[in-house]
Amino acid sequence: MKKMALVLFVLLATAGMVFAGGKSDSGSGKIVMGALIRNLNETFVRDYADNLKKLASANNVDLRLLDGNGDVATQLDQLNTLLTQGVKYFVIIPQDTSATEQMCKAIQARGGAAAFSNIQPSVAALKVGKNFFLASSPETVAGDIQAQIADSYFKKYPDQLGPNKTINLILLEGQLGHPAQVNREKGALEGLAKLGYNVNIVAKDTANWGAAEAQQKMDAWIAAYRGQFNLVLAQNDDMALGAVESMLTNKYTDDPNNITKDTNGDGTVLKVPVIGIDATETGKRSMQENKMYATVLQDSVGQSTTAFELVYTVATKGTAIGSIANGLSAATLVTGEDPVTDWSILDQCYLVPFVPVTK
């Protein structure tokens with residue numbers, strides 16, 4: 001905490017000095033934009049960053065993209081470095097919501113702007129100024145869509161349910177406390193309950209968004225609970241694919257003698273359906289191979305394009321309030337998920353929809 005406080009002091013002091021100088025070090029006349037990305041190890045995040053690079057190239061923007069390697073202090077240090085270089089426009093996937101207000105205050109002192117994706121900024125962060133934006137997707141909706149996909153499956157194959165419409169669930173979670181982890185779980189469980197299911201959680205644990213860790217968890221759960229669960233929900237495709245690989249390796253499939261055979265025609269060779277979130281290319285390929293059952297599109301291109309266009313509009317026009325970004329208008333109704341809970345900042349919140357992806 002002391003380190004973060006010191007970093008904040010340096011950020012604000014540096015921002016003030018740079019503002020006095022009033023110049024970017026680009027020297028080319030280009031708009032310079034910083035991209036602070038929390039961790040490029042994740043497929044969705046890499047796809048987001050790749051699209052930012054394409055957008056920057058197409059719009060003659062000098063993009064300074066930095067990987068925070070999953071560390072808040074590192075990300076704050078990187079912001080300090082870019083502010084020192086005169087950069088004042090930012091697209092950010094933050095490591096932690098708790099740091100977003102600090103970031104906004106430092107950028108505001110420079111007279112800059114930022115759009116946040118994937119991990120939501122706090123309400124207080126967006127209240128720092130009208131040039132700070134949410135360009136992301138409502139996480140509870142992703143979980144609710146998983147519930148709808150599961151409902152569609154069990155309506156087609158009711159014999160897969162337990163007595164009294166019971167779902168015996170295995171849940172692979174992201175980083176604990178991460179807004180997506182909290183809200184995707186909430187959306188899925190509340191969604192299943194609304195649809196009339198009794199949910200028995202057989203096992204749940206974090207796999208920190210990773211395939212390898214998910215596979216290890218699933219190996220242990222298959223050993224302990226074989227035949228006792230009928231649905232696997234994973235909070236991203238990487239973890240879903242880890243679960244799929246575990247089930248194939250452990251021959252938890254329709255036909256253990258031929259793990260490529262979908263004997264009951266339910267769209268998956270696995271004993272139970274596995275549903276992910278992100279709709280990565282690898283995830284969709286797994287679906288085509290009748291492995292992962294379904295996923296939910298978290299639109300990396302849509303989020304990054306919305307964020308980029310908002311910041312670019314501020315850089316070129318002075319404000320993005322009231323603008324259209326990636327074909328989207330700002331939110332007009334509050335939701336139960338921060339920061340879209342405060343009427344005063346709705347015009348700064350752009351919600352990129354989640355979309356079910358099934359065969």
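The values are calculated or read from the model by the stated rules, or taken from the named source; none is laboratory data. From a predicted model like this one, the values you see are computed outputs, not experimental measurements. For neighbour counting, all protein chains shown are included, and Cβ atoms are generated from backbone atoms with ideal geometry for every residue, glycine included.
Return the total of residues in the range 252-284 being outside any loop (DSSP other than H, G, I, E, B) and out of contact with any Gly (no Cβ under 6 Å at 6 or more places or on another chain).
Total meeting the criteria: 8.
Is one or more of the residues making up the range 252-263 among the hydrophobic types (A, V, I, L, M, F, W, C) and buried (at least 19 other Cβ atoms within 10 Å of the Cβ)?
no
Looking at the range 305-319, is at least one residue among the small types (G, A, S), farther than 30 Å from V272 by Cβ and part of a loop (DSSP other than H, G, I, E, B)?
yes
When you scan the range 131-159, how many residues do you find that are farther than 19 Å from T305 by Cβ and assigned to a loop (DSSP other than H, G, I, E, B)?
Looking only at that region, the number is 1.
For the range 305-326, name all the residues that are over 20 Å from the mean Cα position of the chain (by Cα) and surrounded by fewer than 22 Cβ atoms within 10 Å (Cβ to Cβ).
T313, A315, T316, K317, G318, T319, I321, G322, S323, I324
Please work out which one of (1) farther than 19 Å from L233 by Cβ; (2) not assigned by the TED database to the domain that holds D254 is the condition V357 fails and give its number.
(1)
May I ask you to list the residues in the range 261-295 that are under 22 Å from the mean Cα position of the chain (by Cα), β-branched (V, I, T) and more than 16 Å from G143 (Cβ to Cβ)?
Hits for the range 261-295 are T280, T282.
Quick check on V232: is it in contact (Cβ under 8 Å) with a residue 60 or more places away in the chain and assigned to a strand (DSSP E or B)?
yes
Considering only the range 182-213, state which residues are part of a helix (DSSP H, G or I) and over 19 Å from I149 (Cβ atoms).
Those that are part of a helix (DSSP H, G or I) and over 19 Å from I149 (Cβ atoms): V182, A211, A212, E213.
Would you point out which residue out of G68, G112 is touching a residue at least 24 places away in the same chain (Cβ under 8 Å) and over 22 Å from E309 (Cβ atoms)?
G68
Between residues in the range 309-325 that are free of Cβ contacts under 8 Å to residues at least 24 places away in the same chain and residues that are among the polar types (S, T, N, Q) and part of a helix (DSSP H, G or I), which pairs lie under 6 Å by C-beta distance while being six or more apart or on different chains?
Close Cβ pairs satisfying both conditions: S323/T313.
Determine which member of the set E173, E190, E213 is surrounded by 19 or more Cβ atoms within 10 Å (Cβ to Cβ) and modelled with pLDDT of 95 or more.
E173
Yes/no matrix, rows are residues, columns are (1) surrounded by fewer than 24 Cβ atoms within 10 Å (Cβ to Cβ); (2) more than 30 Å from Y293 (Cα to Cα); (3) touching a Phe, Trp or Tyr at 6+ places or on another chain (Cβ under 9 Å):
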| position | (1), (2), (3) |
| --- | --- |
| S57 | yes, yes, no |
| L79 | no, yes, yes |
| G111 | yes, yes, yes |
| S122 | yes, yes, no |
| F154 | yes, no, yes |
| P163 | yes, no, no |
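Quick check on V334: is it surrounded by 22 or more Cβ atoms within 10 Å (Cβ to Cβ), in a loop (DSSP other than H, G, I, E, B) and in the same structural domain as R110 (by the TED database)?
no
I want to confirm something. Restricting to the range 235-251 and keeping residues that are over 23 Å from the mean Cα position of the chain (by Cα) and assigned to a loop (DSSP other than H, G, I, E, B), which single residue is surrounded by the fewest Cβ atoms within 10 Å (Cβ to Cβ)?
The residue in question is K251.
List pairs: first residue in the range 268-293 and in the same structural domain as R226 (by the TED database) and of a type outside the set (V, I, T), second residue at pLDDT below 95 and part of a loop (DSSP other than H, G, I, E, B) anywhere in the structure, Cβ distance under 8 angstrom, at least six positions apart or on different chains.
Close Cβ pairs (under 8 Å, with a partner that is at pLDDT below 95 and part of a loop (DSSP other than H, G, I, E, B)) amount to D278/Q298; A279/Q298; M287/K359; Q288/K359.
Of the residues R46, R38, R64, only one is closer than 30 Å to V182 by Cα and either in contact with a Gly (Cβ under 7 Å, 6 or more places away or on another chain) or not assigned by the TED database to the domain that holds V340 (or both); which?
R38
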